[in-house]
Amino acid sequence: MAVLVTGGGGYIGSHMVWALLDAGEDVVVVDRLSTGFRWAIAPEARFYEGDIGDAALTDRIFAENPVDAVIHFAGSIVVPESVADPLSYYENNTVKSRSLIASAVRAGIPHFVFSSTAAVYGTPSVLEPVQEDLPLRPESPYGSSKLMTEIMLRDTAAAHDFTYTALRYFNVAGADPKGRTGQSSANATHLIKVACATALGKRASMTVFGTDYPTPDGTCVRDYIHVTDLVDAHLKALQRMRAGGGSLAANCGYGRGFSVLEILDAVRAVHGGDFDVAIGERRAGDPAMIVADPSLAKRELNWQPRHDDLSGIIESALAWERHLARKNSF
Ligand code: UDP
């Protein structure tokens with residue numbers, strides 16, 4: 001059997017492709033290369049360049065390959081961009097996911113893993129780490145666009161011979177420990193990537209978005225998880241569904257939070273030098289604090305995170321930034 005990875009040229013998708021190949025799986029990738037890269041896709045994977053919303057293409061991929069599972073990463077991921085341009089987020093993340101799911105159902109594909117997000121919770125009503133049964137109240141079109149896909153998957157699983165796992169990612173960071181891939185987009189906006197790029201002088205400065213949140217130091221708190229542990233949760237989800245496990249939505253985080261200022265201190269410590277940081281206004285769509293309760297993923301997926309170490313996450317992110325600089329990339 002083969003696994004279809006959508007968005008396999010992107011940050012998390014390219015790590016997933018390597019992890020599947022390392023586990024001995026056959027891998028097929030579809031990516032339109034709008035933000036992903038051809039070089040990031042392991043050469044052993046069979047590659048189709050194109051759009052997941054192109055039903056003729058996805059039908060053909062399922063006809064040409066013995067796919068039993070889809071791992072669906074392709075989509076748009078920048079919260080403030082989704083606030084500024086909501087309809088493109090509903091197009092890329094919801095409408096095109098609907099087309100892909102319909103194509104999978106037509107082809108009789110039994111298993112589906114979906115990149116969901118902590119943004120489906122919005123600002124949690126509790127201060128404790130969030131559990132999956134909390135009310136889902138996304139605060140950005142990004143979060144809503146992902147939640148709508150979770151709902152489509154739930155209803156599809158009820159109606160068809162189809163099982164899904166929605167993994168709600170918290171803040172993914174770091175890079176492949178073997179240095180084969182990493183976060184490579186030129187206009188990346190994620191905090192650890194931006195801070196590492198600034199520390200290395202690739203960016204002149206960066207900004208802290210808001211210091212007046214109701215958190216211990218006034219900056220937002222997030223649960224940062226190493227990409228290696230995240231892709232491992234997908235492998236475990238695949239194994240569980242193939243063994244007959246039912247549909248599930250599960251958090252992927254470590255259960256502890258760091259503020260923006262704590263992250264910047266950790267980047268300074270690992271890098272061994274200071275860099276220019278400005279204090280700015282709040283950014284649209286950011287909840288003050290969100291941390292995962294990962295009990296369900298540990299119990300149901302038998303997921304055992306191995307890289308819960310902020311310095312290690314930052315070291316791998318810095319190593320990848322240096323690699324990009326040597327490649328004369330961004
Ligand atoms: N952030 C920041 N400066 C940056 C990028 C991010 O202060 O240049 C903050 C952002 O406002 C949020 C946190 O860092 O509070 C994590 O943001 P990121 O974009 O990494 O992930 P998100 O939580 O939005 O998915």
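The values are calculated or read from the model by the stated rules, or taken from the named source; none is laboratory data. Bear in mind the structure is a predicted one, so any value in this text is a computation, not a measurement. Note that we place each Cβ from the backbone using ideal geometry, even for glycine, and neighbour counts take in every protein chain shown. Accessible surface is based on the protein model in full, side chains and every heavy atom, while ligands, DNA and RNA are left aside. Shrake-Rupley method; radii C 1.70, N 1.55, O 1.52, S 1.80 Å.
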- Once the Cα atoms of the chain are picked out, what are the Rg and Dmax in Å? 18.8, 56
- Query: Under a 1.4 angstrom probe, counting protein chains only, how are 90, 121 ranked by accessible area, largest first?
  - Reply: 90, 121
- The alpha-carbon center of the stretch 70-95 and that of the stretch 125-161 are separated, in whole Å, by 15
- the stretch 189-241 to the stretch 253-284: how many Å between their Cα centroids? 9
- Note on the structure: Relative contact order as a percentage, the stretch 91-168, C-alpha pairs under 8 Å and 6+ apart, gives 45
- Query: Where the Cα atoms of the stretch 262-304 are projected onto their three principal axes, how long is each span, largest first, in whole Å?
  - Reply: 43, 30, 10
- Query: How much accessible surface does residue 99 have with a 1.4 Å probe, in Å² rounded to 10?
  - Reply: 20
- Could you calculate the FRET efficiency of residue 23 with residue 59 from 1/(1 + (r/R0)^6), where r is the beta carbon distance between them and R0 is 35 Å, rounded to 0.05? 0.85
- Report, ordered by chain and residue number, the lysines lying within cross-link reach of residue 236, taken as a straight Cα distance under 25 Å and ignoring same-chain residues fewer than 8 apart. 146, 178, 298
- Once the piece of chain linking residue 34 and residue 242 is laid out straight, how much longer is it, given 0.36 nm per residue of separation minus the C-alpha distance between them? 71.7 nm
- Task: Over all directions, average the projected area of the Cα convex hull of the stretch 166-313 and note it in nm².
- Result: 9.7
